[in-house]
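Some notes on the structure that comes next.
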Amino acid sequence: MKSLRKWQSISFLPQFGGGITFSGGEATAQPELLEYLSSRLYDMGFSLDIESCGYFEFERVRSSLERMD
């Protein structure tokens, strides 16, 4: 994703305790996108969180959830 480079301009967030929350609709409904974004943002040092209704197949999003704080 080319636009992910834009996130580097807010790379100051982790040092001030800021982070990224996946929400709106249901983030777990797109497990491939959640995996892609969470792995890259985690590697960039962002604190991650997710808001979910909890209705999803756990194994499909396990690795993404393991990156959440």
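Just to be sure, is residue 38 open to solvent by less than 70 Å² (accessible area, probe 1.4 Å), of a type outside the set (A, V, I, L, M, F, W, C) and at pLDDT below 85? Criteria not met by residue 38. Counting the residues of the range 42-56 that are in a loop (DSSP other than H, G, I, E, B) and touching a residue at least 24 places away in the same chain (Cβ under 8 Å) gives 8. The residue list 17, 24, 45 contains one member that is at positive phi and at pLDDT below 75, which is 17.
Here residue 60 passes the criteria (1) out of contact with any helix residue (DSSP H, G or I) (no Cβ under 6 Å at 6 or more places or on another chain); (2) open to solvent by 60 Å² or more (accessible area, probe 1.4 Å); (3) at pLDDT 95 or above; (4) of a type outside the set (Ser, Thr, Tyr) except the one numbered (1).
The values are calculated or read from the model by the stated rules, or taken from the named source; none is laboratory data. Fair warning: this is a prediction, and the values are worked out from it, not measured in the lab. Note that each Cβ is placed from the backbone with ideal geometry, even for glycine, and that neighbours are counted across all protein chains shown. For the accessible areas, the whole protein counts, side chains as well, though only heavy atoms, and no ligand, DNA or RNA atoms are used. Shrake-Rupley method; radii C 1.70, N 1.55, O 1.52, S 1.80 Å.
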